[in-house]
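Engineer: Quick one: structure below, then a few questions.
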Amino acid sequence: MTTVDLPEKTRESTSRIADLTVVGGAGHVGIPLVLSFAAKGLTVNVNDLNTDSLAALKAGRLPFIEYGAEELLTNALRDNRLIFTNKPSDISPSGPVVVTIGTPVDEFLNPERHVVEKCIDQLLPHLNDDQLLVLRSTLYPGTTDWIHEHLSRKNRSLPVAFCPERIVQGYGVEELAQMPQIISGTTPEAAEQAAALFRHIAPEIVTLSPIEAEFAKLFGNAYRYVEFAVTNQFYLIAKSAGLDYQRILQAMKYNYPRARNIPKPGYAAGPCLMKDTMQLTAFARNEFSLGNAAMLVNEGLPLHIVSDLRRRYDLNKMTVGLLGMAFKSEIDDVRASLSYKFKKVLNGFAREVLTTDPFVTVDPDLLPVDEVIARSDILILCTPHRSYKTIDLRGKPVVDVWGLLENANLVG
Ligand SMILES: NC(=O)c1ccc[n+]([C@@H]2O[C@H](COP(=O)([O-])OP(=O)(O)OC[C@H]3O[C@@H](n4cnc5c(N)ncnc54)[C@H](O)[C@@H]3O)[C@@H](O)[C@H]2O)c1
């Protein structure tokens, strides 16, 4: 991440006061949020440390795929609704401040509350006590109340709210306009101010206490992660019995409402699902056994596929091609993508590993898909991008856990 000053042409006069500030406003959660508020006529201070992303936005380009956002960005720039800043000192001195920075777990899968604490401490000297502080990043349970106490200890009385983001990545603009917004505040006034803010963009408001809202967000993601693990485990069980799970799943779901929501098997990854499940596990003193089991199944699926290939083939003498490096279909984000786990593991066994993706722009090792298909002895469909559905794989054997490919020479 670039932390240098914005170039002159990108720097904004801070004399313009925004209606609200979004800290982390050039990130995956920040951008659709910023643009949704701007589309409702609000002026937004887009505050972010990443000057490359700010410069891209200012030039009318999205730094990553966000469907439906391009037009909103063009309109917001035309109407002069965006102010771009990259320092805590440049946040607007009035109006709500919404924090959407990343909230990772560490290498031992423990939450890192100090990331939020540090960000708030840097903002604090530049915030007025009548400004609403809205935490929107996914938080370890208790963090919002802790921030409230933290501010009190510093004799600061800003209203604090927690309003979790629940969009699915890439489709935030569309979903923000359709989904109820969960809001919470450490005081009734903070909750009311947060509700007033989100009424600009959300069709409905649902109110919880801060810790309930923190759990609602984590439970939502952990539930989805467990769901993927269930279907992935069913896939593995069916496979061990020599059966085609996709065929069984299709029959189970056919006109049978109780099975309607069972997801297809696949590589469940990305920056949120596992880390949020691990936050719950940490809170439950490692007694969230379903969450832990889900992690083992989902993270273990690529390992299982590689073991299976090693049993069938002499990988040492083979080139393996990985189709799709983004963590899910139709986006360009490689964060926590299991495709890279495949690459790492296979590098230890295969003669060569080749990679391709039609969307990803940040990986210099990627090759054109035709070249990967031509040079590979065996292929693995890692990401179910739609363009792969009917692609000509030249009869090469392919592993397709997703059940996407048509007319392919399937392995396993
Ligand atoms: N990605 C999603 O679809 C999604 C969905 C729901 C919730 N969330 C949650 O939202 C949060 C953000 O996730 P994301 O995917 O948008 O992350 P991201 O890395 O894409 O965006 C975070 C942004 O914050 C900026 N930033 C970090 N520290 C900063 C600071 N001190 N001051 C100013 N800017 C700062 C970064 O430069 C980056 O642009 C996480 O808690 C995540 O779990 C993400």
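Engineer: For region 20-208, what proportion of DSSP beta bridges, expressed in % and rounded to the nearest 5, is antiparallel?
Structural biologist: Percentage antiparallel, nearest 5: 15.
Engineer: While we're on this one: Kindly point out which whole DSSP H helices in the chain project their C-alpha atoms 27 angstrom or further along the helix axis while averaging a Kyte-Doolittle hydropathy of -0.5 or above.
Structural biologist: Within the chain the helices that satisfy the rule are 210-240, 289-312.
Engineer: Compute the length gained on full extension between Lys253 and Arg285: take 0.36 nm times their separation in residues and subtract their Cα-Cα distance, giving the result in nm to one decimal.
Structural biologist: Working it through step by step, the gained length comes to 7.9 nm.
Engineer: With N set to the residue count of region 278-354, report its C-alpha Rg divided by 2.2 N^0.38 Å to two decimal places.
Structural biologist: Here the answer is 1.34, to two decimals.
Engineer: Follow-up question, since we're still on this one. What relative contact order, as a whole-number percentage, does the chain give when Cα pairs under 8 Å and 6 or more residues apart are counted?
Structural biologist: Taking the mean separation of contacting Cα pairs over the length of the chain, I get 11 percent.
Engineer: Going 7 Å from the Cα of Tyr223 in the Cα-to-Cβ direction, what parts of region 145-170 have a backbone nitrogen less than 17 Å from that spot?
Structural biologist: Correct set: 164-168.
Engineer: If you don't mind, another one. Just how large is the dipole of the chain about the Cα centre, in debye to the nearest 20, putting +1 at every Lys and Arg Cβ and -1 at every Asp and Glu Cβ?
Structural biologist: Dipole of the chain, to the nearest 20 debye: 1040 debye.
Engineer: Quick one: putting +1 on the C-beta of Lys and Arg, -1 on the C-beta of Asp and Glu, what dipole do you get for region 263-410 around its Cα centre, in Debye to the nearest 20?
Structural biologist: Dipole of region 263-410, to the nearest 20 debye: 400 debye.
Engineer: Right, something else. Which of Val362, Phe283, Phe228 sits closest to the plus end of the dipole of the chain, meaning its Cα is farthest towards the positive end, when Lys and Arg get +1 and Asp and Glu get -1 on the C-beta?
Structural biologist: Checking the options against the dipole of the chain, the answer is Phe228.
Engineer: Sticking with this structure for a sec: Going by how many other Cβ atoms sit within 10 Å of their own, how do Thr186, Thr319, Thr277 line up, fewest first?
Structural biologist: Thr319, Thr186, Thr277
Engineer: Right, another one. At 222 nm, what helix-only mean residue ellipticity would the chain give, in deg cm²/dmol to the nearest 500, using -39500 (n - 2.57) for each DSSP H run of four or more?
Structural biologist: It lands at -12000 deg cm²/dmol.
Engineer: Now for a different question. Could you tell me which residue out of Pro125, Tyr171, Leu379 lies farthest along the dipole of the chain toward its positive end? Charges go on the beta carbon: Lys and Arg +1, Asp and Glu -1, centred on the Cα centre.
Structural biologist: Result: Leu379, furthest along the dipole toward the positive end.
Engineer: Could you work out the relative contact order of region 263-410? I mean the mean sequence separation of Cα pairs under 8 Å and 6+ apart, divided by the number of residues, in percent.
Structural biologist: Across region 263-410, relative contact order equals 24 percent.
Engineer: A follow-up question, please. Please compute the length gained on full extension between Asn407 and Tyr67, using 0.36 nm multiplied by the number of residues separating them and subtracting their Cα-Cα distance.
Structural biologist: Gain on extension, Asn407 to Tyr67, equals 119.4 nm.
Engineer: Then there's this: Charges on Cβ only, +1 for Lys and Arg, -1 for Asp and Glu, centred on the Cα centroid of the chain; of Ile182, Leu135, Ser307, which one is farthest towards the dipole's positive end?
Structural biologist: Ser307
Engineer: If you take the square roots of the eigenvalues of the alpha-carbon gyration tensor of the chain and sort them as a ≥ b ≥ c, do you get rounded (a/c under 1.5), prolate (a/b over b/c) or oblate?
Structural biologist: Prolate is the answer for the chain, as a/c is 1.5 or above and a/b outweighs b/c.
Engineer: For region 20-208, restrict the atom set to alpha-carbon positions and state the Rg and Dmax in Å.
Structural biologist: 15.6, 46
Engineer: A further question follows. How much net charge surrounds Val105 when only the other residues with a Cβ under 11 Å from the Cβ of Val105 are counted, with Lys and Arg +1 and Asp and Glu -1?
Structural biologist: -2
Engineer: Treat the count of other C-beta atoms within 10 Å as a stand-in for reagent exposure and order Leu62, Leu273 from fewest to most.
Structural biologist: Leu62, Leu273
Engineer: OK, next. Looking at the chain, send over the antiparallel percent of its DSSP beta bridges, to the nearest 5.
Structural biologist: Close to 10 percent.
Engineer: Considering the zone a paramagnetic label at Asp365 would reach in this model (a point 7 Å from Cα along the Cα-to-Cβ line), which residues of region 382-406 have amide N under 16 Å from it?
Structural biologist: Under cut-off, by backbone N: 382-383.
Engineer: Sticking with this structure for a sec: Report, in whole Å, the centroid distance computed from the Cα atoms of region 352-382 and region 181-234.
Structural biologist: 38 Å
Engineer: I've got another one for you. What FRET efficiency would be calculated for the residue pair Asn347, Leu243, taking the C-beta separation as r and a Förster radius of 30 Å, to the nearest 0.05?
Structural biologist: The calculated FRET efficiency here is 0.45.
Each value in this text was obtained by applying a stated rule to the coordinates, not by laboratory testing. Keep in mind that what you see is a predicted model, and the values were worked out from it rather than measured. When we count neighbours, we look across all protein chains shown, and the Cβ atoms used for this are built from the backbone with ideal geometry, even at glycine.
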